[in-house]
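Report on the structure given below.
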Amino acid sequence: MDEKVTRAGLPAEVPQMPAVPGFTHKFVDIPGLRVHVATAGEGEPVLMLHGLPQHWWQWRAVGSALAERYRVVCPDARGFGWTQAESPRISRYAMRDDVLALLDALELERVRLVAHDMGAVVAAQLAYGNPDRVRAMVILSVPPPFMRLGLGMLPAMRHVPKLRWRRAGSSLDWVLAPPYVATPMSEPTKMTYLAPLRDPAKDAAISEVYRGLLIGGEMPALATGAYRRRRLTVPTLYCFGERDEPLTASFVRTQSGDVSRFADHVEFAPVPGAAHFATDDNPGAVTELTREFFARAA
């Protein structure tokens with residue numbers, strides 16, 4: 001995978017890597033994948049899994065702050081950022097298996113996790129399937145998989161059909177705008193997030209995530225209550241932007257019911273002045289919530 005090509009066999013445009021002081025970059029080869037990993041800091045490892053349509057740069061503020069105490073490890077997921085995949089297909093557990101292979105390659109036996117959006121789905125798969133690899137985790141903008149689904153959740157799913165069936169190459173500016181953000185992102189910020197999508201293979205990964213990971217994988221499990229028959233043993237903090245209606249901390253706490261039936265240690269917390277993309281709306285609050293929870297869960 002030394003030469004980067006599109007699905008049509010033509011050279012792909014590789015955008016310039018955004019620079020963040022304190023971060024270093026390397027590529028790690030695992031089966032079927034050359035993973036781009038950005039790291040900063042020293043100490044206990046914190047794995048940070050980005051959301052869609054973002055990449056490692058999502059953690060530029062939160063990761064930099066956590067790096068004062070931890071070694072933060074921020075990979076680009078299969079189909080995103082600067083990671084290169086041999087196959088464009090994304091199956092239900094492909095990203096989880098990529099994370100496990102990456103942890104092995106980096107010789108990280110056990111990590112703390114911070115994850116958002118798509119990355120939060122992968123984090124849940126890891127925590128349920130391989131709890132021995134996760135010390136504690138902070139999940140942003142995604143409810144626990146044992147939460148009952150109801151009609152009140154429908155507004156939170158309004159983006160799903162548009163992303164699953166989007167036309168190749170169509171703009172994703174709308175995803176990074178209100179109501180998904182509380183404070184409009186600057187044009188340079190949106191351009192940095194969306195730049196890798198100029199590669200047709202990366203652009204195709206958007207619908208692949210919905211086809212394989214979500215609609216073809218996790219959503220049927222959620223709808224049938226599969227996770228309500230399992231137990232989450234990893235201490236977990238679920239954080240939600242106060243303006244991310246309907247997925248606020250109070251709504252999710254109510255819908256989840258008696259969490260002691262499904263998990264050993266779960267907490268819920270609001271992120272003030274934030275919507276879905278809380279790491280852009282209020283990175284300071286996300287950082288403090290994460291630091292405090294990791295200290296309690298130590």
Problem set entry | Fraction of beta bridges assigned by DSSP in the chain that are antiparallel (%, nearest 5) | 35
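Which shape class, rounded, prolate or oblate, goes with the chain when its Cα gyration tensor gives a ≥ b ≥ c as root eigenvalues, a/c under 1.5 marks rounded, and past that a/b bigger than b/c marks prolate?
Values: a/c = 1.36, a/b = 1.22, b/c = 1.11.
Rounded is the answer for the chain, as its axis ratio a/c remains below 1.5.
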Exercise. Sorted by accessible area with a 1.4 angstrom probe, largest first, how do Arg198, Arg60 fall?
Worked result: Arg198, Arg60
For this session: For the chain, set up a Gaussian network in which alpha carbons nearer than 10 Å are linked by springs, and say which option among Lys26, Lys190, Lys202 fluctuates the most.
Result: Lys26
Exercise. Using alpha-carbon positions, what is the distance between the centroids of region 103-117 and region 192-215, in Å?
Worked result: 22
Exercise. With Rg and the Kirkwood Rh both taken from Cα atoms, where does Rg over Rh land for region 134-210?
Worked result: 1.01
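May I ask you to compute the full-extension gain from Glu44 to Ala223, defined as 0.36 nm times their residue separation minus their alpha-carbon distance, rounded to one decimal in nm? Don't skip to the end; give the middle numbers.
Values: separation 179, 0.36 × 179 = 64.44 nm, distance 3.62 nm.
Gain in length upon complete extension: 60.8 nm.
With the cut-off at 1.5 for a/c, could you classify region 168-263 from its C-alpha gyration tensor as rounded, prolate or oblate? Mind dumping the intermediate values first?
Values: a/c = 2.82, a/b = 1.54, b/c = 1.83.
Cα axes put region 168-263 in the oblate bin.
Would you check the chain for Lys pairs whose C-alpha atoms are within less than 18 Å, ignoring same-chain pairs closer than 8 in sequence, and give me the count? Can you show the working numbers first?
Values: Lys4/Lys26; Lys4/Lys202; Lys162/Lys202; Lys190/Lys202.
Eligible lysine pairs with Cα atoms under 18 Å apart amount to 4.
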For this session: Specify whether the C-alpha gyration tensor of region 68-143 places it in the rounded, prolate or oblate class, a ≥ b ≥ c being the square roots of the eigenvalues: rounded for a/c under 1.5, otherwise prolate if a/b is larger than b/c and oblate if not.
Result: rounded
Exercise. Going by average Cβ neighbours within 10 Å, how do the peptides 111-124, 134-147 rank, with the highest at the top?
Worked result: 111-124, 134-147
Exercise. What relative contact order, as a whole-number percentage, does region 12-163 give when Cα pairs under 8 Å and 6 or more residues apart are counted?
Worked result: 22
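Evaluate E = 1/(1 + (r/R0)^6) for Arg167 and Arg231, where r is the Cβ-Cβ distance and R0 equals 45 Å; express this FRET efficiency to the nearest 0.05.
Using R0 = 45 Å, I get an efficiency of 0.60.
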Problem set entry | Label zone at Arg158 (point 7 Å along Cα-to-Cβ), backbone N below 13 Å, region 241-255 | 244-247
For this session: Quote the accessible area belonging to Ile215 in square angstrom, nearest 10, computed with a 1.4 Å probe and with ligands, DNA and RNA left uncounted.
Result: 70
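Relative contact order (percent) for the chain, with alpha-carbon contacts under 8 angstrom and 6 or more residues of separation? Before the final figure, lay out the partial values.
Numbers: 563 pairs, mean separation 60.0, N = 298.
It rounds to 20 percent for the chain.
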Problem set entry | Among Ala295, Pro143, His276 - extreme Cα towards positive end, dipole of the chain, charges at beta-carbon | Pro143
Problem set entry | Volume per residue that the Cα convex hull of region 253-297 spans, once the total is divided by residue count, Å³ | 84
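I'd like the antiparallel share, as a percent to the nearest 5, of DSSP beta bridges with both residues in region 32-109.
Numbers: 6 of 9 bridges.
Around 65 percent of the beta bridges assigned by DSSP in region 32-109 are antiparallel ones.
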Exercise. At 222 nm, what helix-only mean residue ellipticity would the chain give, in deg cm²/dmol to the nearest 500, using -39500 (n - 2.57) for each DSSP H run of four or more?
Worked result: -7500 deg cm²/dmol
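In nm, what is the difference between 0.36 nm times the number of residues separating Val28 and Ile215 and their Cα-Cα distance?
On the way: separation 187, 0.36 × 187 = 67.32 nm, distance 2.92 nm.
Here the segment from Val28 to Ile215 would lengthen by 64.4 nm.
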For this session: For Ser91 and Arg261, calculate 0.36 nm times their separation in residues minus their Cα-Cα distance, and state this gained length in nm to one decimal.
Result: 58.2 nm
Exercise. So what's the Cα pair-distance distribution over region 87-219, bin width 5 Å, in %?
Worked result: 2, 8, 16, 20, 21, 17, 12, 5, 0
Exercise. Any idea what the relative contact order of region 234-298 is, in percent, if you count C-alpha pairs under 8 Å spaced at least 6 apart?
Worked result: 38
Problem set entry | Per-peptide average of other Cβ atoms within 10 Å, ordering 65-75, 15-25 highest first | 65-75, 15-25
For this session: Could you tell me which of Val46, Ala127, Leu100 has its Cα farthest along the dipole of the chain towards the positive end, charges placed at Cβ (Lys, Arg +1; Asp, Glu -1), taken about the Cα centre?
Result: Ala127
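The values are calculated or read from the model by the stated rules, or taken from the named source; none is laboratory data. Just so we're clear, the structure is a prediction, and the values are computed from it rather than from any experiment. Cβ sites come from the backbone with ideal geometry, for glycine too, and all protein chains shown count toward neighbours. Protein only, heavy atoms only, side chains kept; ligands, DNA and RNA dropped before computing areas. Shrake-Rupley method; radii C 1.70, N 1.55, O 1.52, S 1.80 Å.
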